[in-house]
1. Just want the ordering: Arg144, Arg37, from fewest to most Cβ atoms lying within 10 Å of their own Cβ.
2. Towards the positive end of the charge dipole of the stretch 118-165, with charges on Cβ (+1 Lys, Arg; -1 Asp, Glu), say which of Val163, Gly152, Leu137 has the farthest Cα.
3. If eta is 1.306 mPa s and T is 10 °C, what Stokes-Einstein diffusion coefficient results for the stretch 51-124, Kirkwood Rh from Cα pairs, in µm²/s?
4. Applying 1/(1 + (r/R0)^6) with R0 = 25 Å to the Cβ-Cβ distance of Lys119 and His98, what FRET efficiency is obtained, to the nearest 0.05?
5. Averaged across orientations, what area in nm² does the convex hull of the alpha carbons in the stretch 96-185 project?
6. Fully extended, how many nm does the chain gain between Ser141 and Ala172 (0.36 nm per residue separation, minus their Cα-Cα distance)?
Amino acid sequence: MVAFSIARSNPESKSGHDKIADWILSADEYAEGEYRRLLAELDAAEAAAPGHPLVNTTDQWTTTTLRRALRQAVEADADYIAIPHGDTVLSYNPGDEHGMRSFYGDRGSEGIVPKNLRKILSRIDKDGTAPVKVATLETPSGERGYRPDNQGGFDRDQTGFTVFPLSDKVKAAVVDEGQAMFAIRDDRHGTQGLDMTQNAPPPEPPPPLHTEVAVLDRMSRMTELVMACR
């Protein structure tokens with residue numbers, strides 16, 4: 001807490017009016033400092049982007065996108081989903097090399113997108129076939145692993161795809177059951193008579209306005225002292 005200075009020199013040599021003036025000056029300085037701090041906190045709060053349960057992290061929004069892609073693949077009766085390696089993406093969409101390889105993976109590392117798709121599929125079918133890495137895929141113009149007319153900006157030795165087989169169990173679950181995005185944990189057996197709020201913590205009270213109350217309290221005390229010195 002901030003301590004107020006009653007006098008700027010020897011308090012014994014000050015008159016009552018001088019002491020009052022010092023009190024008022026200290027109050028003004030403190031109030032001005034608190035006002036500026038509150039403005040800074042308000043600016044920071046307004047500049048902060050609000051959180052969202054689907055896009056707070058890269059893994060969250062990637063998983064949300066992959067769920068939709070999985071649904072589209074199943075509806076199209078596809079047997080596989082292929083995720084291009086980072087250097088394959090770089091061959092037709094130049095960008096940050098490290099970022100692309102970290103996001104999509106390469107021949108030696110998994111990458112964010114393949115990791116999240118693997119987790120989605122393993123939750124549906126834990127006994128499903130593991131993904132495989134391949135250098136090329138069959139395209140309308142033949143087997144390709146990258147855009148051939150691109151002469152730079154990527155490593156041809158790291159191009160390729162991570163291929164995920166879609167099992168019958170995955171297809172049936174996606175169509176018949178959907179893909180749950182949220183779940184409430186309950187460690188008890190069965191769901192009969194389940195009260196979903198029983199284990200929920202009580203709501204927290206709203207935070208007190210510490211700063212505003214502290215400023216008003218000190219101003220009130222100073223007013224009382226000023227009145228007492230008259």
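1. Arg37, Arg144
2. Val163
3. On the way: Rh = 13.2 Å.
My calculation gives 120 µm²/s for D.
4. Values: r = 23 Å, r/R0 = 0.92.
Here the calculated transfer efficiency is 0.60.
5. On the way: hull surface 33.0 nm².
Spelled out: convex hull of the Cα atoms, projected over all directions, averaged, 8.2 nm².
6. Details: separation 31, 0.36 × 31 = 11.16 nm, distance 3.26 nm.
Between Ser141 and Ala172, full extension yields an extra 7.9 nm.
None of the figures in this text is laboratory data; all of them are computed from the coordinates on show. This is a predicted model, so every value here is computed, not measured. Heads up, the Cβs are rebuilt from the backbone with ideal geometry, glycines too, and the neighbour counts pull from every protein chain shown.
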